[in-house]
Amino acid sequence: MELHELPKPEDLVKDVKYRKLPEKPWMQEPVDFKPGTYNYPALAKNLKKVHMPNPREWHVDQQDWHLPDDWQEIILKGFKDRLEKYRSFRLFMDICVRCGACADKCHFFLGGGDPKNMPVLRAELIRSVYRNDFTTVGRLLGNLAGGRKLTLPVLKEWFYYFFQCSECRRCSVFCPYGIDTAEVTMIGRELLNLVGLNINWVMEPVANCFMTGNHLGIPPHGLVENWEFMQDDIEEITGIKVNLPINKKGAEILFVVPSGDYFADPGSYTFMGYLAVLHEIGLDYTWSTYASEGGNFGLFTSHEMIKRLNAKIYAEAKRLKVKWILGGECGHMWRVIHQYMDTMNGPADFLEEPVSPITGTKFENAKGTKMVHIAEFTSDLIRHGKLNLDPSRNDHIRVTYHDSCNPARAVGLFEEPRDIIRTVCKNFYEMPEDSIREKTYCCAGGAGLGNDENMEMRMRGGLPRANAVRYVRDQRGVNRLLCMCAIDRATLSTMMEYWAPDVSVGGIHELVANALIMKGEKKRTVDFRGEPIPGVEPDEEEE
Amino acid sequence: MNAWYSVFAALFIVLFLTLVSLIGVGPVGAKGIFGIYIPYLAAVVFFVGIVVRIIQWAKVPVPFNICTTGGQGKSLPWIKNDNLDCPHNTWGVIGRMFLEVFLFRSLFRNTKAQLGQGAKLTFASAKWLWLFGILFHYSFLTIVLRHLRFFTEPMPSFVQWISYFDGFFELLLPTVFLTDIVFLLAAGYLFLRRVVIPQIRYLSLPSDYFALFLILAIGISGVLMRQVWKVDLLQVKELALGLASFRPAIPQGIGDIFYIHLFLVCCLAVYFPFSKLMHAPGVFFSPTRNLANNNRMVRHINPWNYPVKVHTYEEYEDEYREKMKAVGLPVDKE
Amino acid sequence: MYNSGKVIIGIIIFLAVFALPIWYNRGAAVVPPKLELPKDEKQCVEATAYMKASHMEMLDTWRNSVVRDGARVYVSTTGKTYNMSLQNTCLACHKTKEKFCDRCHNYLDVAPDCWDCHIAPEVKLTGRTK
């Protein structure tokens, strides 16, 4: 679905009434697969590449999903298995009191009004089966105890709603017991995967990443061309040919970023920003073509897939004999790095505790995993005055900052990016309090949902975020939405086009590079987007 | 399940239970069963049930540290860490859990969203659920502690102090305890919001109403016994102490209302381990709250971590070696 | 079991707190207080069961009647008349409040405010019963 096929923004949500609910009880309301609100199935070839069950051609809107005959058994067995492996899952099945505090915390509910997108009901979809099949009271009383059998309509409902959750964890902040719907969704998707129900926007990046090291399936020689192209762009803007070390053995630091940063605008400006900053400080580092992806769509597939894809980073760090690892501006990547990598693929005892070679700062908080976030790294550089900055070059940009879900609610990374932004840009305005920091709203395109066929749902789910952006646009003249996430940069661009025209989207290191005075640079007349900097005239002689 | 069906099914069960005890001690006269056997049975189910459920949870590993961060994490020395909403050490976790368990910190954050004209979304503070939730739980706790006057001799002084403050205003005779009123009001609010707020009505299950009705019935029968159909407390205490010292005996002449009250309490105790009421011990186990956000500092161990199939660098280079060489990338094998 | 140390400590705390009634009395049999009954009078103002449960309400009614209306005559359900007076009627039979009123009140943590105003016979002012 294309953007122009959607109703006008003000009409999209005019029928949304939070307090108007269907007459029929939710357990009896079958799911309605409306185009624009669901995702296309994974192609068989992608499942085969990563050895996943039941690869076949199937269509969501057709009755027969070509499931294995014993699909119920498979799922219930997988269910039991996970109840015994994840205390989180077991507990979240048991202790919800249905107080409803989470109900209006989900962006998909706020923009769509579908009650099954209230986090509590999303979890009840699976909890009802849990009660029916795994609890004493449920076995005895069935429906009266809130249980229901795992039937095909229930399974279809799971598919629809677990791929309408972007695993942003906002509900978990408000839950009095910390019940995390992302965890429930992750397990729900794992169960769906067991019978071959997955979406292509997740499985294609997974398959590509597994085979070639990045979501887009760019082979090593393609990467080199792509990256050199950006090296040239920087030279055009600054007159400096920056370093581009690739697969360099013995470098001090391995740098891993999400592939979204080199695949398309506006991510590429951030990528150029990294190159400029790391060149200017003379860092001894290297890119890798094998570990050319920080993002990890395994997080949207299964815990096993997280591990399979993430393994490349430590493996490459070991092969290249680096001391530690630096990671780029990405959201869910940082959930994986921060919360899963060391547990799954560690211990990283072949690496050293990270120390900035420029400032000597020890990154104590990363002494186990040995991987540092570029925002931590750069804010440390700024703190020690290692970057020569001219923020006035960003005067034409009035920014606000979108906390991406995972750095906010899984890492707790709030101040570093803000420190950087305040230093490199004079016009920084926060969005309203209920929509930033740990209460930040999702871009509605995370967890594999940022595809075109799901456009209506994305625009609906984007309402809360866009609403806050419109507010600062109208009140403060904001024209740039900054974020530290590759998925954000891709999906928020579309969302701004729809909901808040005149606001562009970009990463933080793009602004750092704009402000960065590089040794021997030529007079800057354009910013890193190649757009003229207002008030700066190109010199006649140089033309 | 239809909302009204849920309400009435739950109400019916609670009324049925009340009737069972009423007939059981009245016409049938089985005071021994309702005064001795059922309370002991309920206590056993309550204790064993809760301990078994806790052990069931504890037997399941916590494979990953999935702390939900609600504030600035610990990072660079000059950046202030919010150790209560994003703890990095045990003290922080203890503080966070304290706020969660005793003050319902997360619920305090609650907001209410409203969608206005022109797709404008606004948020208002919504602390009623927090307020009534906390009133409900604390008055429940106070009431339970006050009941210790029947189970202890001599009575600990804190029990006397609680009763003294709880009856401070000396309203009516016998003095009405403030927590009794607050308790009924708060439980009533929790019920009303379930039927009045459409979203909550839509998602509520019979078990949600059942727990509330049962608790309300206990409260109402207790207040009726204290204020209207009074019973001989000397004998009530004799029964309670008899049960507690395993010398159970049924004193003659305690009014039937007492047995109804007692039976409903027993029902709650039996229901507790099998229901959502397990949120009480459960909150201590919640991995998004009880773990420190020190993931990159300290390695969290997953006991079932197993090797997985990966695509190795060797396989990768084998596939692309010639092309890598062509663009000048170093290769491991020539 | 994982985190068994913390879990076991938690279970012990739970059991210890909730089993307070059991360990607090150490299984000792508590003899309920014996109230000293009048030797020469068998029948109270009303039936014993009623007096046990509702004496506080009767005394309250008496107080209001005497203080507000000056009416001092109480006719019981059996038709007998009594002078509405705590000191002259009740305590005429129940001679010592310590051996009658207080024993039960203390046992059940009841703190009536009768003695804020009244002075019990044979005893100097003691304030509340506790």
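Bear in mind these aren't lab numbers, they're just calculated from the coordinates by the rules spelled out. Bear in mind the structure is a predicted one, so any value in this text is a computation, not a measurement. Glycine also receives a Cβ, built like all others from the backbone with ideal geometry; neighbour counts cover every protein chain displayed.
Here are the numbers for the structure shown:
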{"quantity": "Alpha-carbon radius of gyration plus Dmax, which is the widest Cα pair, for chain B in Å", "calculated": "28.0, 100"}
{"quantity": "DSSP bridge pairs, the protein assembly as shown: antiparallel proportion in percent, nearest 5", "calculated": "40"}
{"quantity": "Filtered trypsin sites (Lys or Arg not before Pro), the stretch A:19-53: DSSP coil and at most 14 other beta carbons within 10 Å", "calculated": "A:ARG19, A:LYS20"}
{"quantity": "Directionally averaged projected area (convex hull, Cα atoms, the protein assembly as shown), nm²", "calculated": "48.5"}
{"quantity": "Tilt relative to chain B, helix B:3-25 - C-alpha long axis, 0 to 90 degrees, to 10", "calculated": "40"}
{"quantity": "Residue order, fewest to most surrounding Cβ atoms within 10 angstrom, among A:LEU463, C:LEU59, B:LEU212", "calculated": "C:LEU59, B:LEU212, A:LEU463"}
{"quantity": "Within 10 Å of each Cβ in A:135-144, the average number of Cβ atoms from other chains", "calculated": "3"}
{"quantity": "GluC sites (Glu not before Pro) lying in DSSP loop within the stretch C:1-73, provided at most 14 other Cβ fall within 10 Å", "calculated": "C:GLU36, C:GLU41"}
{"quantity": "Spatial separation of Cα centroids for the stretch B:218-232 and the stretch B:28-68, in angstrom", "calculated": "27"}
{"quantity": "Global geometry of the stretch A:501-543, whether rounded, prolate or oblate, following the gyration tensor of its Cα atoms and the 1.5 cut on a/c", "calculated": "oblate"}
{"quantity": "Residue mean of other protein chain beta carbons inside 10 Å, B:290-303", "calculated": "6"}
{"quantity": "Gyration tensor (alpha-carbon) shape descriptor, the stretch A:296-364, a/c threshold 1.5", "calculated": "prolate"}
{"quantity": "Cα-based radius of gyration of chain C once divided by 2.2 N^0.38 Å, which approximates compact folds", "calculated": "1.58"}
{"quantity": "Ranked list, fewest to most other Cβ atoms within 10 Å of each Cβ, for B:VAL101, A:VAL277, A:VAL60", "calculated": "B:VAL101, A:VAL60, A:VAL277"}
{"quantity": "Exposed trypsin sites (Lys or Arg not before Pro) absent: longest stretch of chain B, with sites in DSSP loops and at most 12 other Cβ within 10 Å deemed exposed", "calculated": "B:81-308"}
{"quantity": "Environment charge at B:PRO248 (Cβ cut-off 14 Å; Lys +1, Arg +1, Asp -1, Glu -1)", "calculated": "+2"}
{"quantity": "For the stretch B:77-118 versus the stretch A:300-373, the gap between their alpha-carbon centres in whole angstrom", "calculated": "27"}
{"quantity": "Chain B: angle of helix B:157-166 to the longest principal axis, Cα-based, in degrees nearest 10", "calculated": "80"}
{"quantity": "Per-peptide average of other Cβ atoms within 10 Å, ordering A:72-85, A:320-333 highest first", "calculated": "A:320-333, A:72-85"}
{"quantity": "Per-residue [θ]222 nm for chain A (sum of -39500 (n - 2.57) over DSSP H runs n ≥ 4, rounded to 500)", "calculated": "-12000 deg cm²/dmol"}
{"quantity": "Cα long-axis angle, helix C:4-18 against chain C (0 to 90 degrees, to the nearest 10)", "calculated": "10"}
{"quantity": "Quotient of C-alpha Rg and 2.2 N^0.38 Å, computed over the stretch B:33-180", "calculated": "1.53"}
{"quantity": "Part-to-part distance (alpha-carbon centres) for the stretch A:460-503 and the stretch B:283-308, which is given in Å", "calculated": "34"}
{"quantity": "Percent of Cα pairs exceeding the 33 Å cut-off, where the set is the stretch A:206-515", "calculated": "18"}
{"quantity": "Cβ crowding within 10 Å averaged over residues, with B:129-136, A:411-418, A:193-200 ranked highest first", "calculated": "A:411-418, A:193-200, B:129-136"}
{"quantity": "Unit Cα scatterers, Debye sum, the stretch A:463-539: log10 I(q)/I(0) for q = 0.15, 0.27 Å⁻¹", "calculated": "-0.62, -1.25"}
{"quantity": "Cα-Cα P(r), chain A, percent of pairs per 10 Å interval", "calculated": "4, 18, 29, 26, 15, 6, 2, 0, 0"}
{"quantity": "Peptide A:206-214 - average C-beta neighbours from other chains (10 Å radius)", "calculated": "2"}
